[in-house]
Structure formats: structure tokens, C-alpha cells
1. Looking at (1) open to solvent by less than 40 Å² (accessible area, probe 1.4 Å); (2) at pLDDT below 90; (3) within 21 Å of L810 (Cβ to Cβ), which is the only condition G784 fails?
2. Just checking, does the stretch 753-761 include any residue being farther than 19 Å from K811 by Cβ, assigned to a helix (DSSP H, G or I) and in contact with a Leu (Cβ under 6 Å, 6 or more places away or on another chain)?
3. Check every one of the strands (runs of 3 or more DSSP E) wholly within the stretch 184-257 and list those with 1 or more residues that are of a type in the set (A, V, I, L, M) and open to solvent by less than 40 Å² (accessible area, probe 1.4 Å).
4. Which one of these is in contact with a Pro (Cβ under 8 Å, 6 or more places away or on another chain), at pLDDT below 75 and among the aromatic types (F, W, Y): F79, F9, F4, F111?
5. Could you check the stretch 863-873 and list, in sequence order, the residues that are over 22 Å from R831 (Cα atoms) and either among the basic types (K, R) or modelled with pLDDT of 95 or more (or both)?
6. Looking at the structure I just gave you, is L689 closer than 26 Å to I774 by Cα and surrounded by 18 or more Cβ atoms within 10 Å (Cβ to Cβ)?
7. Would you point out the residue of the stretch 361-373, among those that are open to solvent by less than 70 Å² (accessible area, probe 1.4 Å) and assigned to a helix (DSSP H, G or I), that is farthest from R418 (Cα to Cα)?
8. Tally time: how many residues in the stretch 449-464 are modelled with pLDDT of 75 or more and out of contact with any Leu (no Cβ under 8 Å at 6 or more places or on another chain)?
Amino acid sequence: MRAFARFTFVLLLTVAIFTAYVTWQRTVAAEKRELSHLSGILAQGFQNQMAKQDVILQLLGESVSLVEGAPQQQVPAFFQRMRSHHRSALGYAMISVNGELLGSSLPEFEFDPESQPALDIQNPTAQLAIDTKTFQIGRPQLSSTIDDWVTPLYSPLFDQERNVSALMVAMLVIDTENTAWSQMRIEDNVEIVLVRNDGYLNYMYPEPATRERYDRIYRTQASDALRNLLRAESGWTSYDRPYTVQGGFRKHYLWIEPMSEYNMTAVAMKDRRFVIHAWLQTLTLPTLVWLLAVFALLFGYRRAKRLIDVADEDLQKLNTELSESLKQYNSLTQLLPVGVYQGVIHADGQREVIYLNERAREILRVPETVALRDVFSFIEAQVHPSDRYEYIHSSMKAARTQQPFRWKGRILHANEVRWVELQSVPQLKEEEGVVWNGVIIDATDSKRAEEQINQLAFYDALTQLPNRRLLHERIQQLMKQMQTKPQYAAILCFDIDNFKTLNDSLGHSAGDTLLKTLAERLQNSVREQDFVARIAGDEFIVVLSRLSEHASAAANQTRALASELIREFEKPVALGTELYRLTTSVGITLFDNDERPVELLLQQVDQAMYQAKAAGRNTHIFFDEKIQALLQSRLELVRDLHRAIENKEFALHYQLIIDANHQVHGVEGLVRWQHPERGMVSPSEFIPLAEETGDIIVLGERILNHACEQLVSWHQDPARAHWTMAVNLSVRQLRSPNFVERALQVIDASGVDPEYLILEITESMLLTETEDAIEKMKQLRARGVKFALDDFGTGYSSLSYLNQLPLDKLKIDQSFVQSLYNDEGPRTLTRTIISLGDSLGLELVAEGVETKGQMDLLAAQGCHYFQGYWINRPVPADQLSGIISRLSAEYFG
């Protein structure tokens, strides 16, 4: 009983101290709010008033400047009239930047002679307004007119170049009846002041009791302690305020509200003695309540003692009922196929399980000896090392975000591995933590079924090796790795020689044994980074990775590894009581990051394996090296083609087209590729590749653009102003949906006259989509572009469509030209073609002219123009002048 009395006394004393502390904090908080409110109103009201005065001064300045040349005596009258509308201002004035008084409604000797006159242009505040081009507030000055302190305001006026041309000056009576703070109810023990950054006051409330103290305050800077505090602090603070008359210091609470744009600070302050007085008044009622509580507790103690005994009996009864309910709940949850648990995560991060049914213990293999508080630690220790990071990460994330938790992974118990799934949701938030309700699912059987399905889908049932599907995935993964690190890899296809004969004679059981034995040998013989697969009855695939980045070295590595694997094949295999020696045929293909599809690689290695069979079996052969070399060269050329287009490695060479008098009619632009390593690449090599890859569209557009620009350049020379330019079109260019639009854009951009541009097509381009091709030709023909039919006479449908095509020229194929002297047949054909062209009104051009005799014969038959090596080989544009000079010399002698 005595112990309870001591405890009660300590408790009541603690309550009293706590109450006093809380009350003091509330009192201080109330003072903070009051002082913050007062300084905020003062600051906001002052800022609003200054902004208003700035606008008024600007408007007055603009009003004066609107009446240009007005008599100077009218300005003071105007300012005086404005004074009646703005009672807070004593008067207005305008001074120029040179110090000239342009007008004023202020008395000439208005202010205290001790201060620098406000209308003096040398006044520091006036100079600051001119230098910063901003509104400025000066130090208060004593006005003799109203016998009160007023504040000068300066607002700069600007000319058209934004230079200060004059200053508007106003004398503001700060504490007028229409200011925001004049309406405030301020306690007698609260002071509010406006302090300038130089330490002088601009306003103070309550006003000093005597005029002498009033004047002294406005002429004297604030104490160093207050100025330092205003520079360093804002908001709530306190300082020891010195008293000059009485002497000594008194602590005051302050709320500081800086107004940086006006170089000023609004301050509300209160003597701490009044705060303490308010606090003691607030404590009166709590003290009475505390005393009543003491008596009430003493009275209640005796009564509580009697009630405790009754409560003990009731509590024992409730515990018995709760135990029975828990047993019943456990029996119900045991019928569920999942485990049920409830845990709590306390505010300090500690976790503990508060309920775990028997099914959950069974799934997690938690012994009965493990207490509930240790279950979390037990589970974490049982999580498989490979899954532990994910489990901890997921659980911590769920606890942090209070989102539902779900994790599926493995737990280890002795040598047993089980798959479990944990799911829980936060249900109840309490002050001491968050309660989580969850279930535990035994996923071992479903996981094993999933693994069996995966095994059937990706592995060979007999040998347990990867099947064709998994082989594809593995090779694709290897290719992705090879994109970042240059290296070669190899695929080897092993096919057992004469396996069918052995399988038919010994039976399928012996054949299966043989396959499993060989699969095991291969699996044990490859390196760690290699893998083995079975893709057909007696075909095994071995993929070798991380070979040399050089093809020859990689091939040598592959041969060595293949020889080792073949030796494993040749070891005797016991089938029943007999030993059998086997041989194998092996096909090999190398690959790097050359973008060949996996199926193509498997086809190549399969082809190489059949070549090994055809070569007599029991050997290994690489995929035909000639074919491989050609394919590799082609792939490299495709890559180089992409790069060449980007690097603009292509150029145009020109072949002259002349008439029988050796006069130049025009040129044909022929694309040439100067490869940085291979040298000059033949168009017969790269043009078909560009057609196949689609690069011909970009390349053809650049060729056309370059040809047009060159023709424009030649046409600047009167001697070449009649030249035409022939450019070959490709099938894919002509079939491109926007071919016409792109071609016209090139023509318009280059400024070439389309009448001199000739696009050459071949008969083979018209075998399909003929109508579309003719329509595109007609659209370009409408703009003046001409068309020539190249290699005429070698196609299959030229005669049937010749009359429909919008053609201007026929070009006789060089095969006819070069056979003119060998047989009468070619001469007859050329005469027929020339006659046909004449009947259709087309000009004839003979290609491939290599001798003067060929040219003379064709000219005699009526051919109009000629081109070929006898005239000139295709050369760059700057070499044509010499060739033209040679032709003239030969003809005119």
C-alpha cells in the first residue's frame, strides 16, 4: 500500500511537471502565432503600400511627361491636386538626374536641416534608385509642416532606351488611418517596428510617449545586437534588449519578417515577463484540476482495490474461453490445404509471429520446439541460398511500402528441397506496428510437374540432352554474347555410321543403350562452356564457343576438339556380351557475329555431315570452304556496302555519247565504288547486292542527285549546254511507291533542266507491274524527263509493250554490236532495230562500240549515236576534256 502511495505521488508530480511544460509550450506557441501574425500584417501591408506608391509615382511621372512643353508652374499645381487623392503622401516632386527640380508640391524648407534634403540628387537613396533603376525608400525625415516624421520614396522614370531620365519623389506618412496595421488590435505590451538594413527605424508602434524620445528613436540606429540578429535570423527568436534610460537588459521574444526587396525588416516583439505572466494565468485551472485529481486518486484507490479482485475472476474466465476458441480455430484451419499465419512488424522493425497453425509448421518443417517469436528467423535460415536475396528484398520492400507480399522459392530442411509460396497482406495498423495475415502454400508438387513439362519440352527423353528447340535458344543466346565480344564459334554434327543396320540387327533396346552411352561420352568430353544436344535419331550436335577471333585459328581449334570427340566415339561399346566399335561422320561449320539465322547454320552443318558421308564416312568435313568463302565474302561486302553509303565512297564516272561526226551529244553516268581495301569493286558485284538489300534506293537517289548537279555545272559552259545526262534506274527504284516524288524533289533541288535528263530502264523491269511502271514514266515524262530502253533486243516482251512506253531512245545491246563482223545475223538484227526505232520516232544509241569499223557500219545503217570503249572508258568528269580533244583531232585530222 505504501509502495502504491509513493507511486501515486511520483505520478501526480510527473503529471504536474508535464502539465506545466506543455502549458508553457502552448503559451510560447500562441505568442509565436501572435507575433508572426503582427509582423506578417506589418510586412504585407507595408509591401502593398510601397507597391501602390510606386505605381502612383510612375503614373504621376507618365502624366507629367504626356503634356510635353507644359509650363513648369503647372506641375506643382498638378502634384498638389493629386495630393488630395492620396492623403498618405505629404507631397510629390520630380527631379532630373542632373539635380534640376522639374516640379514640386513640397515646401522649399520642409525638412529638418540636420538631414540631407530629400530633393537633393546627391542623396544616397536617390543615387541608389538611379544606379539600380528600382524603387527605393529613404530614411525618415522630420517634416516641419505636419510636425511628424515622413519617409521619402524614390521611383525612377525611364526614357525610350530604358535609361533613367528623372526621379519621382513622394513624402509618405507611414502611420495613416488607411494602412493595414492601423486597424490591428495590438496589446500594450507588444511592439512592432520597421527596421532598415542600415539600422534606422522607419516605423514604430506604440509611438514613444514623449516627442524627445520619438525624435531620438528615428535619429538613432538600433543596437548592434538587434542589427546582427536581423542580419542572421528570420522567424522566431529572442534577444536581450538593452535599456538606455533604466539601464540593463531584458529578454524579449521576436518574430522577424525580412523584406529584402525594400532592404527592410518587419519585427514584432514582446517582453518575456508578459509571456511568463500569461503562462502563470494559464496554469491556474490545471493546478486546481491537479489537486482535485490527487484527492480523487486517493479516494479511488480503496475502491479500485475492491474492483481488482472481481476483475481477476472475470479475466480468468475470459482466458479459459479464449483458449477454447483458439483450439476450435486451429481445428478448422487444419482442414485447409494451406498453412495460415499471422505476424506483426513493430515500429522499431522487430518481427514476430503471433499465430501459426499446424499445417504451416508442417509445410515449413518448423518443429514444435521453435517458439513463435523465433519463427521468422527459423524460416530465413531455411531459405535456399540462391533464393535468399530475393526473399529478404521482397519482404523488406513489402514492409516498407505496406503492400501485399508474395514470394515463391525453395527452402532446405536436412537434405530435402521444398518449394513454398508465401502470401500476406497488411490488415490492421496499430501504434506498436502492422499486423500481417498470410497463407503458406506447398508448391513442391506443382513445381516438380512444371519441371517435368519443361523437361519434355526442351530435353530429349532418351538421353536427357537438350533437344532442337533448346538448341535454337542456346545458339541465339551465344550469338547475343558474341555481339559484344568478337570471337568464333563452331557447330559440329555427329552422325553414327551404319547405325540403322546395327539398330535393326540388335534391336531398339540395344540402340537406345548405344545412344545413351555416346551421349554421356560427349557430355563428359566437351569443355565447360560448350554444350551437346540430340536433334534426331542418331544425330548429335556439339556447339563449341569462345574460339579464337581469327577464322584460321578457330578452324584449327575446332579440328583439334573434333578429333578428341571422334576418338571418344571410336572407343568400344558393350552391348550385351559383345563389344562394338563405331565410327562417325562429322560436319562442321564456323560462325561469328555474321547474322546468319540458326536454321541456316544447322542446314550448313548438316550438308557438311552428308559430304563427310559421301567422302567415305569416318571423317570430318567443314562446310564447303569455297561456298563458305563466297558466302563470307558476300556478307562482308554487304556490311561494307552499308558503310560505303554512309561514308559516301561512291562516285560517278562518265562515258561520252557522240554522233557520227564525233560531236558530243551527252554522257552516261556510271557509278563506281573505290573500296578502301579491295580497290575498285565491279558494279556487277555490288549492284545486285544493293538491289537485294534495298540499299539501291538510297544509292540510286544519291547517284541521280550527283548526276543532276554535274549536268547543271556543265551547262554553265556554252560549249556543253546541249549535253544530256543518262542515268540507269533499278527495278526497286522504279517499284518504290514514292519514286516519282523523290525523283522530282532531286530535280527541283538541283535546278537541272529535265529536258536534258535521260533515265534508262531495261526490258526485264517491265516483265511485272508493267502498268504501274508506265504510269510513273508518264508522270516524269510530263515534267520533261526523257526515257531510254537499255539493252534493247535481249528481253522477251519489248515488242508487245514498245508502242505503249513513253520512250525517247533505244539503246542497241552491245552483244549485237560486237558481233557485227562475225555473222550476217547481227547486222540484220541491228538494221531491223534501227528501222523499228525510226518508224517509232525514237533515237538510236549503239552501246559497246569498240572499233571504228563498228561505228562506221552502224552509222551507215542509220544509227544516230554511239558509246563504248573505242570512244572512252568511263572516267571522272575532270578527264573528259582531254578525251574530247583527242576525238576532234582524230576526226578533223
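1. (2)
2. no
3. The qualifying strands (runs of 3 or more DSSP E) are 190-196, 201-205.
4. On the way: F79 fails: in contact with a Pro (Cβ under 8 Å, 6 or more places away or on another chain); F9 fails: in contact with a Pro (Cβ under 8 Å, 6 or more places away or on another chain); F4 fails: in contact with a Pro (Cβ under 8 Å, 6 or more places away or on another chain).
From the options F79, F9, F4, F111, the qualifying one is F111.
5. The answer is R873, and nothing else.
6. Numbers: closer than 26 Å to I774 by Cα: yes; surrounded by 18 or more Cβ atoms within 10 Å (Cβ to Cβ): no.
So L689 does not fit the description; no.
7. Within the stretch 361-373, the subset open to solvent by less than 70 Å² (accessible area, probe 1.4 Å) is 361, 363-367, 370-372.
Those left that are additionally assigned to a helix (DSSP H, G or I): 361, 363-364, 372.
Numbers: R361: 13, I363: 9, L364: 9, L372: 22 Å.
Going through the qualifying residues, I end up with L372.
8. Residues of the stretch 449-464 that are modelled with pLDDT of 75 or more, as a first pass: 459-464.
Subset that is out of contact with any Leu (no Cβ under 8 Å at 6 or more places or on another chain): 460-461, 464.
Matching residues across the stretch 449-464 total 3.
The values are calculated or read from the model by the stated rules, or taken from the named source; none is laboratory data. The shown structure was predicted, so the numbers you read here are calculated from the model rather than taken from an experiment. Ideal geometry is used to build each Cβ from the backbone, glycine not excepted, and the neighbour counts take in all protein chains shown. Calculation scope for accessible area: heavy atoms of the full protein, side chains included, ligands and nucleic acids excluded. Shrake-Rupley method; radii C 1.70, N 1.55, O 1.52, S 1.80 Å.
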